[in-house]
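Data first, discussion second: the structure below is written as structure tokens.
The values are calculated or read from the model by the stated rules, or taken from the named source; none is laboratory data. These numbers were taken from a predicted model, which means no experiment stands behind them. Cβ: placed from backbone, ideal geometry, glycine included. Neighbour counts: every protein chain shown. The accessibility values were calculated without ligands, DNA or RNA, using every heavy atom of the protein model including side chains. Shrake-Rupley method; radii C 1.70, N 1.55, O 1.52, S 1.80 Å.
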Amino acid sequence: MSVQEVQFRDIAPEIGRAAFSPDGSSFRQRTANVAEVAAMDAEAVDREARFPRKAIDAARSERLLGAQIPIELGGDGASISEVTDMCYALGRACASVGMIFAMHQTKIACLVRHGKGSGWHESLMRRVAAEQLLLASSTTEGQNGGNIRFSSAAVEHAGAEISLVRDATVISYGAEADGIVTVARRSDSAAGSDQVLLAITRDDYTLEPTLAWETLGMRGTCSAGFKLNFRGAADQIFPVPYERIHAQTMTPVAHLCWSSVWAGIAAAAADRAQRFIRKAARGAGGNMPPGAAHFTAAKMTLTKLRAIIAANLQFYEARERDERALASVDFQSSINLLKVEASELAVATVMHAMRACGLSGYRNDTDVSIGRHLRDVLSAPIMINNDRILASMGTATLMSAVPESLRD
């Protein structure tokens with residue numbers, strides 16, 4: 001186990017809690033097996049901008065795609081702490097694999113929490129566990145600029161049947177997914193903010209490519225644009241309004257999982273910087289190279305990053321079933337600021353690691369190259385743009401009291 005993993009476990013002990021599958025293997029070991037495959041393929045996935053099929057197939061083999069599904073429905077009943085630990089490990093191995101896994105698990109969390117009691121959604125949960133289905137997300141459309149709480153496309157109703165046509169500017173790994181969880185207006189006459197969430201499977205929809213995916217980083221997520229055409233049953237609409245799903249599950253789980261992936265990328269960069277500094281110091285008779293100060297800074301920012309993830313994770317897990325607490329201004333502000341702070345700290349960590357390695361980190365042909373990590377982590381501040389989040393939080397932060405003590 002690396003130093004970073006030990007420290008991460010010290011800050012949030014529950015994240016490292018061993019959970020066992022029927023064959024006796026822990027989540028940690030199963031995730032390590034997938035991470036090994038992901039790391040071996042990471043350079044090629046990035047270079048060719050291709051879906052990391054080997055790693056996702058490994059996740060299927062290790063039955064991690066259905067890890068959150070309740071035990072009674074065929075899954076492992078994994079907690080959010082266990083899932084974020086998986087995201088951290090996979091992000092450390094390959095950013096694209098980590099982010100695909102994080103987005104999938106966010107959809108699964110919505111399915112598990114808000115699909116309970118619905119025959120159709122419980123059937124889908126059983127399928128996810130048995131077949132290890134990969135679910136994608138479709139929340140961005142047209143010109144809404146990432147405003148997930150406003151939908152243009154509306155569900156059309158015809159008795160027990162429904163249909164949806166959606167101009168999705170981004171559906172990450174959409175062409176590879178077995179199903180999609182998507183948001184839409186409740187009906188043609190509904191306001192853009194009156195939304196529902198739908199779970200749809202491959203045999204219910206078609207995808208027509210509209211935008212390609214040629215990007216700086218996160219190239220293996222294959223987040224292309226599609227025109228989505230769906231026709232299915234009204235039962236596929238979640239029984240809970242999207243407004244509640246968004247506040248209680250979608251946003252908290254997404255930000256916790258994404259942040260864990262970014263922390264994994266940052267840890268991988270810090271690990272390479274540490275390797276470089278140690279080698280340089282040995283070669284100089286124990287004298288530290290000029291970049292050593294930047295390695296110290298990388299470790300400091302990584303510690304801050306892990307700490308804020310652990311704090312938000314602890315709060316969320318302790319109040320996961322308390323709808324009032326999750327809807328509070330303080331929690332919603334904190335979980336949105338987690339995304340902003342985590343993304344900025346992850347970028348800062350990787351930049352410090354790059355400067356610690358100097359030219360060796362800047363090059364693409366060394367064993368301490370940090371170019372891929374930097375390109376991948378630069379997606380973090382613009383994935384639901386930080387400026388949008390901060391601008392939307394102005395009123396909420398004014399309503400939130402300034403803490404009177406360190407423990408408030």
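Counting only protein heavy atoms and a 1.4 Å probe, tell me what percentage of the range 65-213's accessible area is made up of carbon and sulfur.
In the range 65-213, the share of accessible area belonging to carbon and sulfur is 51 percent.
To make sure I understand the rule: partners must be lysines, Cα under 29 Å from the Cα of residue 227, and not fewer than 8 residues away in the same chain. Which ones qualify?
Filter leaves 54, 107, 339.
Applying a 10 Å radius around every beta-carbon, put 170-179, 322-331, 260-269 in order of their mean neighbour count, most first.
260-269, 170-179, 322-331
Between residue 191 and residue 57, what's the calculated FRET efficiency when r is the beta-carbon distance and R0 is 45 Å? Round to 0.05.
Efficiency computed from Cβ-Cβ geometry: 0.60.
Can you pull the one-decimal nm distance between simple spin-label points at residue 72 and residue 165, each 7 Å off the Cα toward Cβ?
Distance between label points: 4.2 nm.
Report the extension gain between residue 359 and residue 300 in nm, rounded to one decimal, defined as 0.36 nm multiplied by the number of residues separating them, less their alpha carbon distance.
Here the answer is 19.0 nm.
Answer rounded, prolate or oblate for the range 254-319, using the Cα gyration tensor with square roots of eigenvalues a ≥ b ≥ c: rounded when a/c is under 1.5, else prolate when a/b is larger than b/c, else oblate.
Prolate is the answer for the range 254-319, as a/c is 1.5 or above and a/b outweighs b/c.
Starting from the amide H of residue 187, placed 1.01 Å from N in the peptide plane, find each other amide H under 5 Å away whose residue is 5 or more places distant or on another chain.
Amide H to amide H, under 5 Å and 5 or more residues apart or across chains, residue 187 pairs with 155.
If amide hydrogens are placed 1.01 Å from N in the peptide plane, which non-local residues have theirs closer than 5 Å to the one on residue 193?
Amide H neighbours of residue 193, under 5 Å, 5+ apart: 151.
Can you give me the long-range amide H partners of residue 77? Hydrogens built in the peptide plane at 1.01 Å from N, cutoff under 5 Å, separation of 5 or more residues or another chain.
69, 71
What's log10 of I(q)/I(0) for the chain at q = 0.08, 0.12, 0.13 Å⁻¹, Debye sum over Cα points only, no solvent?
For the chain, the Cα-only Debye profile gives -0.42, -0.94, -1.11.
Given 10 °C and 1.306 mPa s, compute D for the range 37-109 with the Stokes-Einstein relation, Rh being the Kirkwood radius over Cα pairs; round to the nearest whole µm²/s.
Approximately 128 µm²/s, per Stokes-Einstein.
Can you tell which of 120, 65, 93 lies farthest toward the positive end of the dipole of the range 41-151, using +1 and -1 charges on the Cβ of basic and acidic side chains (Lys, Arg; Asp, Glu)?
Highest projection toward the positive end goes to 120.
Please calculate how many Å² of accessible area the chain carries per residue, with a 1.4 Å probe and no DNA, RNA or ligand atoms counted. List each step's numbers first, then the result.
Values: 17550 Å² over 408 residues.
On a per-residue basis, 43 Å².
Please report, in debye to the nearest 20, how large the charge dipole of the chain is about its Cα centre when each Lys and Arg carries +1 at its beta carbon and each Asp and Glu carries -1 there.
Here the size comes out at about 1100 debye.
With a 10 Å radius around each residue's Cβ, average the other Cβ atoms per peptide and rank 276-288, 100-112, 45-57, 240-252, highest first.
Details: 276-288: 13.1, 100-112: 26.2, 45-57: 18.5, 240-252: 20.8.
So the order, starting with the most tightly packed, is 100-112, 240-252, 45-57, 276-288.
Got a sec to turn the phi values of the range 392-407 into Karplus ³J(HN,Hα) couplings, 6.51 cos²θ - 1.76 cosθ + 1.60 with θ = phi - 60°, whole Hz, x for Gly and Pro?
6, 9, x, 5, 4, 5, 5, 7, 8, 5, 6, x, 8, 8, 5, 9
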